[in-house]
1. Which of the peptides 75-83, 38-46, 227-235 is most tightly packed, and how do the rest follow, judged by the mean count of other Cβ atoms within 10 Å per residue?
2. So what does the Cα-only Debye profile of segment 74-130 read at q = 0.16, 0.25 Å⁻¹, as log10 I(q)/I(0), no solvent term?
3. Return the long-range amide H neighbours of Val205 (sequence gap of 5 or more, or a different chain), with a cut-off of under 5 Å between placed amide H atoms.
4. Using Cα-only point scatterers and the Debye equation, what is log10 of I(q)/I(0) for segment 6-105 at each q in 0.16, 0.24 Å⁻¹, rounded to two decimals?
5. Name the lysines eligible as straight-distance cross-link partners of Lys254: C-alpha to C-alpha under 20 Å, and not fewer than 8 places from it in the same chain.
6. At a 10 Å Cβ-Cβ cut-off, how would you order Asp192, Asp155, Asp351, fewest neighbours first?
7. Can you tell me the Rg and Dmax of segment 227-330, counting just the alpha carbons, in angstroms?
8. Over segment 3-209, consider all pairs of different Cα atoms and compute the Kirkwood hydrodynamic radius from their mean reciprocal separation; express it in Å, one decimal.
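What follows is calculated from the coordinates using simple rules that are stated; it is not laboratory data. Remember, it's a predicted structure, so these values are computed and weren't measured experimentally. Virtual Cβ from ideal backbone geometry, glycine too; neighbours counted across all protein chains shown.
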Amino acid sequence: MSFESLGLSTALLRAVQEQGYTEPTPIQSRVIPVVLAGRDVMGGAQTGTGKTAGFALPLLERLMAAGAPNGRRSVRALILTPTRELAAQVSESVRTYGKHVPLKSTVIFGGVSINPQIDTLRRGVDIVVATPGRLLDIAQQRHIDLSRVEIFVLDEADRMLDMGFLPDIRRVIAMLPRERQNLLFSATFPDDIRQLANKMLRDPVSVEIGQRNATADKIEQAVYFVDKGQKRGVLSWLVGSGNWQQVLVFTRTKHGANRLAEQLVDDGVSATAIHGNKSQGARTRALADFKRGAVRVLVATDIAARGLDINELPHVVNFDLPEVPEHYVHRIGRTGRAGRTGLAVSLVAGDERALLKQIERLLRQTLSVRPLDGYEPRREQHRERPRNAGERDAQTAHRHGQNRGQAERRGHGHRHGERRRQHGQRQHGQQR
Ligand code: AMP
């Protein structure tokens with residue numbers, strides 16, 4: 001399928017071509033015609049599938065085709081996103097795709113001065129991309145009129161609800177005209193999203209990419225069964241032997257995140273933790289260091305990661321499996337964007353097998369388990385090994401010894417330097 005066959009104008013096709021897109025992604029080929037037909041959409045798609053262009057292109061097309069009522073500029077499309085970063089990103093996309101179209105757009109979010117945003121609105125815009133809090137502030141001060149909105153987009157609805165935005169969303173919806181087109185996008189569809197969709201959407205067309213709650217195709221997923229106490233060693237080894245340069249690691253607790261980051265540093269892997277107890281400044285710095293590659297591993301809890309727009313990552317690791325299966329989809333959605341592959345690895349200890357089952361049930365897919373020579377859970381380590389298994393076995397046995405040594409050294413409180421040296425040797429051995 002080509003973009004030309006979707007019914008978009010030349011001005012939009014030109015912008016798409018300038019972006020180097022040769023053909024629509026699956027969500028684009030399904031969503032664009034539906035939006036152009038004026039229908040409401042319930043879209044099951046996560047970041048990385050090309051969903052932004054999926055709604056932005058037909059939105060621009062419709063606004064352009066209808067033209068402004070009585071020739072005056074007013075807010076005719078509203079796109080709500082959960083985070084500032086996503087708002088900025090979506091707004092940038094709207095601007096890019098709408099480059100050759102005579103429509104004006106702007107972005108509104110908190111944490112920066114409100115006055116320039118009000119000034120821009122006063123000069124007149126057609127499309128507003130916003131986070132809910134600042135939008136409501138501005139609306140309360142009567143600097144924005146939402147009564148002429150023709151198209152309303154709720155992006156990453158599940159993340160919005162996770163962040164507690166439901167009351168704000170309801171207040172925003174109350175300001176919109178009843179007659180309008182609604183597009184709701186969500187990576188997952190827990191009950192609260194379904195309820196919101198029922199209220200908000202009118203006879204929607206459901207567009208799902210892959211199965212409901214399925215993860216983006218481009219993400220390779222792997223599971224390693226490993227003892228709890230060996231997870232950290234396995235992580236250092238995976239990062240080192242795979243030469244992973246940018247890794248987002250999820251832990252269940254803040255304390256766990258801190259400890260793991262410290263241990264990784266001890267292992268000679270640059271790492272930092274990000275969580276709610278850190279100041280905004282420290283978090284911003286950690287994130288910037290990670291984004292520019294100065295820090296190789298960012299360890300985060302689900303809550304801390306929620307407000308951050310960290311995407312397009314080559315590697316995501318679930319050091320602990322999330323308690324809530326839907327969080328798994330969010331976590332791994334940060335890797336493998338359109339056209340690129342990503343690897344999402346889960347380290348699963350014996351007491352997490354039930355959680356893994358729940359995740360697999362949600363995904364409707366069994367995740368592939370990769371062998372980890374030398375790090376198998378204890379019960380398997382004691383299984384009799386075949387004789388003459390060759391060089392690989394010898395290597396394995398060698399690593400077994402090192403792991404044991406490492407565990408013992410930890411237990412006896414040896415100095416960090418020693419541990420780092422020992423780890424370095426192991427990595428070196430692996431790479432050969
Ligand atoms: P999104 O899921 O909207 O965040 O898009 C993910 C990435 O895919 C962005 O970097 C887009 O620029 C890119 N993208 C969107 N549509 C296409 C396409 N049709 N072909 C190639 N890349 C695309």
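1. On the way: 75-83: 23.9, 38-46: 22.3, 227-235: 20.0.
Descending packing order for the listed peptides: 75-83, 38-46, 227-235.
2. For segment 74-130 at q = 0.16, 0.25 Å⁻¹, log10 I(q)/I(0) is -0.45, -1.06.
3. When sequence neighbours closer than 5 places are left aside, the close amide H contacts are Asp40, Val41, Met42.
4. Once normalised to I(0) and log-transformed, intensities are -0.68, -1.57.
5. Lys228, Lys231, Lys278
6. Fewest to most other Cβ atoms nearby, the residues stand as Asp351, Asp192, Asp155.
7. Radius of gyration, then largest Cα-Cα span, for segment 227-330: 12.6, 36 Å.
8. Details: mean 1/r = 0.0590 Å⁻¹.
Hydrodynamic radius (Kirkwood, Cα pairs) of segment 3-209 is 16.9 Å.
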